[in-house]
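Single-structure report; data block below.
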Amino acid sequence: MQEPNTDVIQGTLDMLILKTLSLQPMHGYGIARRIEQISRDTFKVNPGSLLTALQRLERSGALDAEWKQTENSRRAKFYSLTRAGHKQLGAETEDWMRRASAVARLLKAEG
Amino acid sequence: MSAWRQLTRGLSALTNRADADRDVTDEVADYLEHARADHAARGMSPAESLRAARMEIGGVTNVEEQIRSSGWEYQIETTLTDLRYALRRLAASPGFTLVTVLTLALGVGATTSIFSVVNTILFQPLPYPNAHRIASILEMNKEGSSYAGTFGMFHNLAPRTHSFDAMAVFKPWQPTQTGQQQPERLTGQRVSSDYFRVLGVGPTMGRDIRSSDDRLGGPNVAVLSNALWRRLGGDPAIVGRSITLDSDPYTVIGVMPEGFNNVIAPDAQLWAPLQYDMSQGRAWGHHLRTIGLLRSGVTEQQASNEINRLGHAILNEQHPVTYGPDVSFVAKSLQGEISRGVRPALLAILGAVALVLLIACVNVTNLLATRGIHRRNELALRAALGARRARIIRQLLTESLLLAVIGGVAGMIIAEIGVRALIAMSPDTLPRASNIGIGGAVLAFGLAITTVVGLAVGLLPALQATRSNQRAELQHESRSVTGGQKFARNALVIAEVAIALVLLVNCGLLLRSLKRLISVSPGFAAPNVLSMQIQTAGHEFDSDSVTHRYFADVLDAITRVPGVEIAALTSQLPLSGDNDSYGVHVAGDEQGGQSVFRYAVSSSYFAAMRIPLKRGRVIDARDRSDSPPVALISESLARRTFAGRDPLGQRITIGPPTPVYTIIGVVGDVKQTSLAMGDPEPGVYVAASQWGGDRAMSVVARTLQDPAVLGPAIKRAIWSVSKDQPVVRTATMEQLMAKSGADRRFVVILFEIFALVALIMAAIGIYGVLSSNVAERTRELGVRLALGASPPSVLGLVLRQGMRLIVAGVAIGLIVAAAASHVIVSMLFQISQLDVVTYLSVAVGLSAVAIIACAVPAWRAARLDPTIALRA
């Protein structure tokens with residue numbers, strides 16, 4: 001463990017996936033890398049959890065999946081956000097903001 | 001939309017597992033490849049980058065499994081896999097499977113069929129809209145035994161009570177239908193006008209009985225049962241038509257609905273208004289049953305209090321002879337009243353069958369536990385390969401649930417057969433027997449038992465088998481059992497022996513009671529006596545003198561039949577169900593009367609029945625209708641009424657205050673209602689010629705040969721006098737005696753069956769535990785034999801081990817049996833609930849069977865070949 005990275009906060013993986021995919025369609029590994037990069041390696045994505053979450057979101061209709069050629073001419077399963085996915089992202093983001101600011105307020109008040 | 005996607009994706013995964021799997025495998029492989037390429041791009045060597053990618057992903061198979069298990073279809077697939085596997089496992093050991101399934105099936109089947117009976121009779125509400133409000137109204141003497149009421153009581157209480165919405169009295173009625181080819185005796189009831197209102201079910205066709213119908217001299221009207229209406233042709237316009245009953249035209253006013261179930265008299269075919277004649281003091285005879293519909297919100301206790309208060313205030317004053325200060329009045333639920341006689345027996349049987357089920361469960365647990373021990377290597381291997389404990393337990397539970405379900409289905413088949421057999425052999429006294437069936441509730445009960453049994457029985461071995469340390473398990477192929485498990489299994493065997501003993505003791509007590517009961521003397525000599533009842537029908541019998549003459553002629557005709565040694569007539573026949581009691585008082589003494597069975601008999605009755613004359617003389621030709629009335633009393637009545645005094649010449653009244661009868665003799669006591677009546681049943685005998693009003697008389701004929709053969713000849717003799725009189729209830733006195741013990745025999749047969757099943761199961765249990773024990777100790781026993789232990793000493797070793805369990809089980813069983821035996825006290829007859837002979841012989845017998853069950857594995861142990869055993 002050379003870096004102090006942690007697993008994704010419980011319950012936020014779906015939101016992070018949706019957010020990442022809202023920019024562009026991506027395959028599983030790409031999503032994992034992107035989350036790690038943007039969080040500056042604060043979060044470490046567990047591949048099993050990620051792929052399971054992708055299947056779950058695909059099943060629930062938030063994502064569409066399609067096998068496509070990648071830039072280096074290999075096949076990969078690309079996920080893209082559906083309208084339902086956009087809606088879910090909006091709702092989850094709002095919810096998260098509300099909670100996060102509440103937690104922040106509480107911590108500030110204590111100090 | 002998303003639900004649709006869930007469903008279709010899941011289904012396509014289910015139906016095309018290979019494609020779904022490939023998709024997952026491809027995606028994971030792709031992820032791995034991306035990761036590897038990433039690492040390689042950062043300058044790792046090909047081998048290093050692959051290793052790093054593998055590290056990152058943490059086991060390709062695990063990830064694939066994780067993804068696959070996230071869909072709902074995975075649960076179904078797992079269950080199917082488990083089921084398939086369980087089926088294979090069960091098929092691989094048919095002996096185990098057969099014994100387990102049979103054990104469960106017997107347990108569930110017996111419990112379910114008995115529960116069907118008990119549920120219908122004791123727990124299912126009566127088939128009436130306000131069943132819980134219908135009460136039986138009874139009188140109670142100071143000893144607390146209750147009996148039927150009088151018309152006087154009903155007549156006085158019904159208009160005054162505020163606790164009941166309606167009250168009704170009724171009595172059995174057996175009219176003869178004439179006006180067709182053959183006279184036929186029907187079964188019905190004479191009821192007061194509110195009878196159907198109390199039950200809450202009225203005629204669907206026509207109208208109910210009105211209070212204007214129910215008065216002395218009222219119109220002859222009748223309500224038919226649906227079945228009788230159908231048998232009479234099912235004429236939809238029958239209301240208003242006339243049928244001939246006892247030579248009188250009766251107008252049909254209504255027909256009851258098809259589903260109407262008259263629980264009070266299930267075989268009643270028709271109902272007519274009671275039209276009670278209150279003259280001549282008849283209103284004070286205890287021969288009417290009373291029911292009432294409790295006012296909504298009124299409890300039985302409140303109603304009892306009210307009628308008791310009213311009863312004392314009115315009746316004690318009106319008729320102090322019948323209603324002394326000791327008499328009280330109670331309202332009891334009709335349902336409880338109907339099942340009162342059979343309740344203790346049914347509950348005892350239910351208890352017995354629950355014990356059988358318990359033994360079955362113990363046995364199956366034992367079987368599964370033993371099997372679990374043999375499978376520990378397999379389970380440990382699976383755990384080492386990554387199966388989680390919950391997953392293994394789930395698989396084992398699937399297996400035991402599968403067993404339970406197979407056993408349950410087989411049990412339901414046994415239950416169905418069992419219920420039919422129960423109904424077929426149930427005694428007539430079993431109320432509502434025709435309603436018994438395996439309904440929804442019972443089915444649910446059976447399924448619940450099966451599931452609970454499956455889960456309970458499967459859980460213990462599953463936990464036991466998965467608890468042990470995997471590594472130790474894999475390292476040395478241990479065959480021994482740990483101390484805790486051994487204790488648990490020994491405890492199960494001990495429990496089994498104890499339960500079997502409890503059942504056997506109860507069964508033994510009941511059997512010995514039955515034996516005593518059968519050998520009890522009824523007070524008359526039953527062999528070679530044939531009886532039948534003649535019911536007179538028609539207006540010519542309105543006159544007592546005609547009736548007397550008719551019966552005298554019949555008696556003459558019967559006496560002339562070849563083979564008849566001596567014949568007699570009686571108004572009520574012992575053990576036949578006749579129940580006609582009168583209050584007997586010493587003339588001039590209105591207090592201290594007794595309720596006594598009244599027999600109006602021909603002079604030959606005592607000789608024909610061989611009822612011994614103890615003092616005085618019997619009725620003879622001197623006692624004509626115009627001579628002074630005489631009576632004989634039974635010994636017990638003499639003792640109770642005339643303690644110490646000479647009863648001969650004493651004067652008594654029977655029912656109404658006149659006439660007064662002079663006692664001319666004392667005869668032996670006779671069992672009237674049942675052989676099981678512990679206390680003597682007092683009786684009073686009057687000359688048939690001096691008693692008016694009996695329209696039905698029983699013939700008793702003592703014959704020189706087999707009495708049953710003479711039936712047709714005697715009937716011909718009766719019809720030679722008048723061919724229109726129906727003859728019913730033909731039976732030898734020996735048949736009546738056997739019938740009197742029928743309900744006990746029913747209970748005994750059931751207990752015998754359950755005790756036998758328990759015994760067999762206990763034997764199987766002991767055998768199973770000991771033989772697996774021997775199998776586990778093969779190596780140890782081999783060492784002993786190799787080191788010079790003699791085969792007999794090894795035999796003794798195993799036997800001693802089994803004996804310890806048996807002795808412990810028997811000891812516990814004896815204590816429990818003694819404590820539990822009070823449950824069946826009411827069914828015992830002239831035997832103590834702690835009868836030493838029964839307890840001892842059961843303990844010895846059970847031990848013998850158990851030792852045989854031990855002997856087989858012990859003998860096998862003694863015959864072990866040490867060279868083979870050591871290699872095991």
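Observations on the model:
- Extreme residue, positive dipole direction of chain B, given options B:Thr15, B:Gln833, B:Ala387 (C-beta unit charges): B:Ala387
- Total charge dipole magnitude, the protein assembly as shown, about the Cα centre, Cβ charges on Lys, Arg, Asp, Glu only, Debye to nearest 20: 2580
- Extension gain, B:Val823 back to B:Asn579 (0.36 nm per residue minus Cα-Cα distance, nm): 84.9 nm
- In chain B, lysine pairs closer than 27 Å at Cα, eight or more apart or cross-chain: 13
- Across the options B:Met205, B:Asn490, B:Val101, the greatest Cα extent toward the positive end of the charge dipole of chain B (unit charges at beta carbon of Lys, Arg, Asp, Glu) belongs to B:Asn490.
- Using θ = phi - 60° and Karplus 6.51 cos²θ - 1.76 cosθ + 1.60, couplings along the range B:242-258 (whole Hz; Gly, Pro as x): 10, 10, 9, 10, 6, 6, 10, x, 10, 8, 6, 9, x, 10, 6, x, 4
- Peptide A:18-29 - average C-beta neighbours from other chains (10 Å radius): 2
- Antiparallel content of DSSP bridges confined to the range A:6-110, in %, to 5: 80
- Mean residue ellipticity at 222 nm, helices only, chain B: -17500 deg cm²/dmol; runs of at least 4 DSSP H residues each add -39,500 (n - 2.57), and the sum is divided by the number of residues.
- Charging the Cβ of each Asp and Glu at -1 and of each Lys and Arg at +1, and nothing else, the dipole of the range A:6-110 about its Cα centre rounds to 100 debye.
- Relative intensity, log₁₀ I(q)/I(0), of the range B:1-88 from a Debye sum that treats every alpha carbon as a point, q = 0.19 Å⁻¹: -0.88
- Eligible aspartates and glutamates near A:Lys87 by straight Cα distance, threshold 19 Å, same-chain separation 8 or greater: A:Asp14, A:Glu58, A:Asp64, A:Asp95
- Charges were assigned to the Cβ only: +1 to each Lys and Arg, -1 to each Asp and Glu. The resulting dipole of chain B about its Cα centre is roughly 2380 debye.
- Loop-located trypsin sites (Lys or Arg not before Pro) in the range B:794-872 (DSSP state not H, G, I, E or B) with no more than 14 neighbouring Cβ atoms inside 10 Å: B:Arg863.
- Taking A:Gln37, A:Gln88, A:Gln69 as the candidate residues, the one with maximal mean-square fluctuation in a Gaussian network model of chain A, Cα springs under 10 Å, is A:Gln69.
- Placing a label point 7 Å from the Cα of B:Asp724 along the Cα-to-Cβ direction, the residues of the range B:548-573 with a backbone N closer than 18 Å are B:548-554.
- When the charge dipole of chain A is built from unit charges on Cβ atoms (+1 for Lys and Arg, -1 for Asp and Glu) and taken about the Cα centre, the candidate among A:Ala109, A:Leu81, A:Gly28 whose Cα reaches farthest toward its positive end is A:Leu81.
- Loop-located chymotrypsin sites (Phe, Trp or Tyr not before Pro) across the range A:4-111 with a Cβ neighbour count of 10 or fewer within 10 Å are lacking, with loop assigned by DSSP.
- Qualifying trypsin sites (Lys or Arg not before Pro) for the range A:24-111 [loop in DSSP, other Cβ within 10 Å: at most 15]: A:Arg40, A:Arg74
- For the protein assembly as shown, the convex hull spanned by the alpha carbon atoms encloses 293 Å³ per residue.
- Length gained when the stretch B:Ser832-B:Glu540 is fully extended (0.36 nm per residue, less Cα-Cα span): 99.6 nm
- Exposed loop sites are taken as GluC sites (Glu not before Pro) in a DSSP loop (any state but H, G, I, E or B) with at most 11 other beta carbon atoms within 10 Å; the longest stretch of chain B without one runs B:478-872.
- Phi-derived couplings, Karplus 6.51 cos²θ - 1.76 cosθ + 1.60 at θ = phi - 60°, listed residue by residue for the range A:99-109: 5, 4, 5, 4, 4, 4, 4, 4, 5, 5, 4 Hz, with x used for Gly and Pro.
- Inter-chain Cβ neighbour average for residues B:5-11, partner chain, 10 Å: 2
Any read-out appearing in this document is the output of simple, stated calculations on the displayed coordinates, not a laboratory observation. These numbers come from a predicted model, not from an experiment. Backbone-built Cβ (ideal geometry, glycine too); neighbour counts: all protein chains shown.
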